[in-house]
Amino acid sequence: MNQNLYQPIAGEITDIIDESPTIKSFIVVPEKEFAFKTGQFVELTLPGEGEAPFTPSSSPADTKKMEITIMKAGRVTALLHGCKKGQKVGIRGPYGNGYPIKDFVNKEVYIVGGGVGLAPIRSLFLTLVNRIKDFKSVVCRFGARTPEDFIYKKTLFGPWQKIDGVKIKLSVDKSDGKWTGNVGVVTTILNKDDVNIESAVAIVCGPPIMMKFATVKLLEFGFPAERIYLSMEKNMSCGIGKCGHCMIGKYYVCKDGPVFTYDQIKGYPNIWD
Amino acid sequence: MEAVFISSLKLLLDAVAEEMDLYVPKKADEHFVYIRYDSSAETAVEFNNIRACTPVKEFLFPLRELASIFPEPFEPKDIKPFAVFGLKDCDLRSLECLDKVFLEDEFRDEFYAARREKMFIISSDCFDPGESCFCNVMDGRPFAGSGFDLNISQVKDGFIIEVGSQKGKDFIEKHPEIFTDVPDDAIARRDKNRAEVQKQLQQQNADLKFDLPIKEILESGQDSDVWDVEAKSCIECQACTRVCPTCHCFYLYDTRQKDYFAKMKMWDSCMRCAYAAVAGGANPRKILGDRLKHRLMHKFCYFLDRYGLQMCIGCGRCVDADAGGIDIRAILKKLNEEIRNKGKAKVAK
């Protein structure tokens, strides 16, 4: 079958949620059903303007619509932030491997997230919670710059914390005066006994600097490099392992990732930059 | 391999050109480029010289092409058969690399595939390698062994035409009137010519010898100063990646036309500063030396790890084109020298 790899399918933005001063979530309804695995990403096109990679933050169980959480970080994301409901978009994908959920079964799942890194984590979280009995527990350590910068506040500060089998701890770099939780970067709330390392997997997603220090800490705790799963953010452009922009060593992040174990990529230069 | 003989080159070229668009080498200053064959032209086609300075990839993966239209579906146009005459072994080996990337089962690039399928390749022996040619060091030869439809070798009184594919065989069978049997001594003469050119290459590259496989030399040279030192003369013109027949990076960008939106594919270069940068500003290779290193690591290590094939074919185009004077051979030599000095090298064979 001839299929043009560079052809997006059409979609429409049907709702926009303000998450934080710099982050919005967009509900995107593709013209046809769109299945993806949690942790995979899509290339979202603003027609005529540009395209950028995003991991949907919604549960893969919903194939009729997806939620994409976007931080205003560059030209395309700034234009997307300026869009209104009804905006037509293009979608290519899904691309990449996604989280290997089957390898998490019967384990404690230790999730470390920061900033807009909670977007892919939300999709993972919803997937795990959907079948929570398959996992020993889901232990989350999330950070944001200030309380206002947390995304998914409505669920994160309330309902998610009450789910059986889920333990969540939050931290902010800077308090707003009303914050009663921990103050400090997210690594300050990581403790060796948060999970039983022998039977746990760690998942890290956030800004590169946070991922670096979280990984260092997890290694110090004794997590083996092959059980630390990192969602790498590189310049994924074509999505199909050809254009070259997202390479980490021999890997194309778009095709072989974006989820890698630290063990896979630790030998290559500049992985955190 | 099956072979036939033809006494006149023009007979062959005219027969090909009758069936399809034919591109032949033409001298332009001191280089060769490809032009459309003109049967009425008075000057003979020169093809025994150095490979063209332009890469063969441009026939399959143009500098810029329309990749999609939004929201209407857009598929690659039907491609008419076309022929390229005079490609060298290095060119054919560059196609092997590109095929790995663009024809892989999982994500087949139909734009590339459509052209590749319709391309008729008539390769030729290399009689006159240039100073920058080092294919012999990269496991290449000055004559093709596979990857062609027909291969032409000039000998006394005519040309041996070797058949390399069904397409080539069909062509020969379709034109029995222009071919004859290969004369008795022709193959021996051809092999003698080939051996002489091989010897010439070995002599000119005699000092390009390595103590370890190139992959290992690069891997152990990752922390070397060589990258930053060599990159000092780079003016970021990106000529090296443009002319490289195996470099295949591209930039996918959106554009707004009068009455439609489109995505375009355009050649890109990993030597460009913002190449790997992300929207937030992070850039794994801000430093020019790191980009140079990545380019060579990709060629000699990453591609090999991934596809079992090295991505440098020793054609020397980058050496000829580099405005900053960066020479891939010199970098490899320096890295090898460093290993030798560190005492890591095995006894040189």
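Going through segment B:41-72 one residue at a time, which ones are among the acidic types (Asp, Glu) and either free of Cβ contacts under 8 Å to residues at least 24 places away in the same chain or closer than 22 Å to B:Ala17 by Cα (or both)?
B:Glu42, B:Glu46, B:Glu58
Name the residue that is farthest from the other protein chains (Cβ to nearest Cβ), counting only residues in segment A:201-218 that are without any contact (Cβ under 8 Å) to a residue 60 or more places away in the chain and touching a helix residue (DSSP H, G or I) at 6+ places or on another chain (Cβ under 7 Å).
A:Lys217
Out of the residues in segment A:40-61 that are small (Gly, Ala, Ser) and part of a strand (DSSP E or B), state the one that is surrounded by the most Cβ atoms within 10 Å (Cβ to Cβ).
Within segment A:40-61, the match that is surrounded by the most Cβ atoms within 10 Å (Cβ to Cβ) is A:Ala52.
Is it the case that some residue within segment B:250-258 is more than 8 Å from chain A (Cβ to nearest Cβ) and either of a type in the set (A, V, I, L, M, F, W, C) or touching a helix residue (DSSP H, G or I) at 6+ places or on another chain (Cβ under 6 Å) (or both)?
Checked against the condition, which is being more than 8 Å from chain A (Cβ to nearest Cβ) and either of a type in the set (A, V, I, L, M, F, W, C) or touching a helix residue (DSSP H, G or I) at 6+ places or on another chain (Cβ under 6 Å) (or both), segment B:250-258 yields no hits at all.
Being surrounded by fewer than 20 Cβ atoms within 10 Å (Cβ to Cβ), modelled with pLDDT under 95 and outside the structural domain of B:Ser8 (by TED's automatic domain parsing) narrows it down to one of B:Asp223, B:Asp184, so name that one.
Exactly one of B:Asp223, B:Asp184 is surrounded by fewer than 20 Cβ atoms within 10 Å (Cβ to Cβ), modelled with pLDDT under 95 and outside the structural domain of B:Ser8 (by TED's automatic domain parsing), namely B:Asp223.
Just the residues that are surrounded by 19 or more Cβ atoms within 10 Å (Cβ to Cβ) and small (Gly, Ala, Ser), please, taken from segment A:187-245.
Of everything in segment A:187-245, those that are surrounded by 19 or more Cβ atoms within 10 Å (Cβ to Cβ) and small (Gly, Ala, Ser) turn out to be A:Ala200, A:Ala202, A:Gly206, A:Ala214, A:Ser231, A:Ser237, A:Gly239, A:Gly241, A:Gly244.
Could you pull out the residue among A:Ala61, A:Ala78 that is touching a helix residue (DSSP H, G or I) at 6+ places or on another chain (Cβ under 9 Å), among the small types (Gly, Ala, Ser) and closer than 24 Å to A:Pro30 by Cβ? Can you show your working first?
Values: A:Ala78 fails: touching a helix residue (DSSP H, G or I) at 6+ places or on another chain (Cβ under 9 Å).
From the options A:Ala61, A:Ala78, the qualifying one is A:Ala61.
For segment B:281-300: of the residues being among the small types (Gly, Ala, Ser) and in contact with a Lys or Arg (Cβ under 9 Å, 6 or more places away or on another chain), which is nearest to the other protein chains (Cβ to nearest Cβ)? Explain how you work it out, then say what you get.
Step one: of segment B:281-300, the residues among the small types (Gly, Ala, Ser) are B:281-282, B:289.
Remaining after also requiring in contact with a Lys or Arg (Cβ under 9 Å, 6 or more places away or on another chain): B:282, B:289.
Details: B:Ala282: 6, B:Gly289: 11 Å.
Only one residue tops the list, namely B:Ala282.
When the residues of segment B:96-111 are narrowed to those that are without any contact (Cβ under 8 Å) to a residue 60 or more places away in the chain and more than 9 Å from chain A (Cβ to nearest Cβ), which ends up nearest to B:Gly140 (Cα to Cα)?
B:Asp99
In the list A:Lys84, A:Lys64, A:Lys102, A:Lys37, which residue meets the criterion of being surrounded by fewer than 24 Cβ atoms within 10 Å (Cβ to Cβ), without any contact (Cβ under 8 Å) to a residue 40 or more places away in the chain and part of a loop (DSSP other than H, G, I, E, B)?
From the options A:Lys84, A:Lys64, A:Lys102, A:Lys37, the qualifying one is A:Lys64.
Do the conditions hold for B:Ser40, that is, is it loosely packed, with under 12 Cβ neighbours inside 10 Å and of a type in the set (Gly, Ala, Ser)? I'd like the intermediate steps shown before the answer.
On the way: loosely packed, with under 12 Cβ neighbours inside 10 Å: yes; of a type in the set (Gly, Ala, Ser): yes.
Yes: the conditions hold for B:Ser40.
Could you figure out which of (1) without any contact (Cβ under 8 Å) to a residue 12 or more places away in the chain; (2) within 14 Å of another protein chain (Cβ to nearest Cβ) isn't true of B:Cys270?
Exception for B:Cys270: condition (1).
Of a type in the set (Lys, Arg) and touching a residue at least 60 places away in the same chain (Cβ under 8 Å) - does that describe any residue in segment B:289-297?
The answer is yes, given that some residue of segment B:289-297 is of a type in the set (Lys, Arg) and touching a residue at least 60 places away in the same chain (Cβ under 8 Å).
Given the criterion in contact with a Ser or Thr (Cβ under 9 Å, 6 or more places away or on another chain) and at negative phi, identify the matching residue among B:Lys57, B:Lys77, B:Lys100.
So the residue among B:Lys57, B:Lys77, B:Lys100 that is in contact with a Ser or Thr (Cβ under 9 Å, 6 or more places away or on another chain) and at negative phi is B:Lys57.
Considering A:Tyr229, A:Tyr252, which residue is hydroxyl-bearing (Ser, Thr, Tyr), under 16 Å from A:Ile265 (Cα atoms), facing chain B (nearest Cβ under 10 Å) and out of contact with any Lys or Arg (no Cβ under 7 Å at 6 or more places or on another chain)?
Only one candidate passes the filter, namely A:Tyr252.
Go through segment B:226-254 and count every residue that is surrounded by fewer than 20 Cβ atoms within 10 Å (Cβ to Cβ) and over 26 Å from the mean Cα position of the chain (by Cα).
3
Considering segment A:180-199 alone, what residues qualify as being within 24 Å of A:Ile17 (Cβ to Cβ) and at pLDDT below 95?
From segment A:180-199, those within 24 Å of A:Ile17 (Cβ to Cβ) are A:181, A:186; that's our starting set.
Once the filter is applied, which keeps residues that are within 24 Å of A:Ile17 (Cβ to Cβ) and at pLDDT below 95, segment A:180-199 yields only A:Gly181.
In segment B:63-108, what count of residues is obtained for those that are surrounded by 17 or more Cβ atoms within 10 Å (Cβ to Cβ), under 15 Å from the mean Cα position of the chain (by Cα) and within 28 Å of B:Val45 (Cβ to Cβ)?
Looking only at that region, the number is 15.
Each row is one residue, and each column tells you yes or no for (1) surrounded by 22 or more Cβ atoms within 10 Å (Cβ to Cβ); (2) of a type outside the set (A, V, I, L, M, F, W, C); (3) outside the structural domain of A:Thr180 (by TED's automatic domain parsing); (4) touching a residue at least 40 places away in the same chain (Cβ under 8 Å).
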{"site": "A:Lys88", "(1), (2), (3), (4)": "no, yes, yes, yes"}
{"site": "A:Tyr110", "(1), (2), (3), (4)": "yes, yes, no, yes"}
{"site": "A:Gly113", "(1), (2), (3), (4)": "yes, yes, no, yes"}
{"site": "A:Pro120", "(1), (2), (3), (4)": "yes, yes, no, yes"}
{"site": "A:Lys136", "(1), (2), (3), (4)": "no, yes, no, yes"}
{"site": "A:Val139", "(1), (2), (3), (4)": "no, no, no, yes"}
{"site": "A:Thr155", "(1), (2), (3), (4)": "no, yes, no, no"}
{"site": "A:Ile163", "(1), (2), (3), (4)": "no, no, no, no"}
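When segment A:193-208 is examined, which residues are found to be over 13 Å from A:Ser137 (Cβ atoms) and in a loop (DSSP other than H, G, I, E, B)?
A:Gly206, A:Pro207
Just for segment B:153-166: of the residues that are touching an Asp or Glu at 6+ places or on another chain (Cβ under 9 Å) and surrounded by fewer than 15 Cβ atoms within 10 Å (Cβ to Cβ), which one is modelled with the highest pLDDT?
Checked segment B:153-166; the qualifying residue modelled with the highest pLDDT is B:Gln166.
Take segment A:57-75 and flag every residue that is within 12 Å of another protein chain (Cβ to nearest Cβ) and within 19 Å of the chain's Cα centre (by Cα).
Hits for segment A:57-75 are A:Ile70, A:Met71, A:Lys72, A:Ala73, A:Gly74.
I need the full set of residues from segment A:18-34 which are surrounded by fewer than 19 Cβ atoms within 10 Å (Cβ to Cβ), in contact (Cβ under 8 Å) with a residue 24 or more places away in the chain and either within 14 Å of chain B (Cβ to nearest Cβ) or part of a strand (DSSP E or B) (or both), in order please. If you could, list the steps in order and put the result at the bottom.
Taking segment A:18-34 and keeping what is surrounded by fewer than 19 Cβ atoms within 10 Å (Cβ to Cβ), we get A:18, A:21-22, A:27, A:29, A:31-33.
In the following step, the residues that additionally are in contact (Cβ under 8 Å) with a residue 24 or more places away in the chain were identified as A:21-22, A:27, A:29, A:33.
Those that are surrounded by fewer than 19 Cβ atoms within 10 Å (Cβ to Cβ), in contact (Cβ under 8 Å) with a residue 24 or more places away in the chain and either within 14 Å of chain B (Cβ to nearest Cβ) or part of a strand (DSSP E or B) (or both): A:Thr22, A:Ile27, A:Val29.
Specify which of the listed residues (A:Gly222, A:Gly239) is more than 14 Å from chain B (Cβ to nearest Cβ) and at positive phi.
Details: A:Gly239 fails: more than 14 Å from chain B (Cβ to nearest Cβ).
Of A:Gly222, A:Gly239, the one residue that is more than 14 Å from chain B (Cβ to nearest Cβ) and at positive phi is A:Gly222.
The values are calculated or read from the model by the stated rules, or taken from the named source; none is laboratory data. Just so we're clear, the structure is a prediction, and the values are computed from it rather than from any experiment. So basically every Cβ, Gly included, is an ideal-geometry build from the backbone, and we count neighbours across all protein chains shown.
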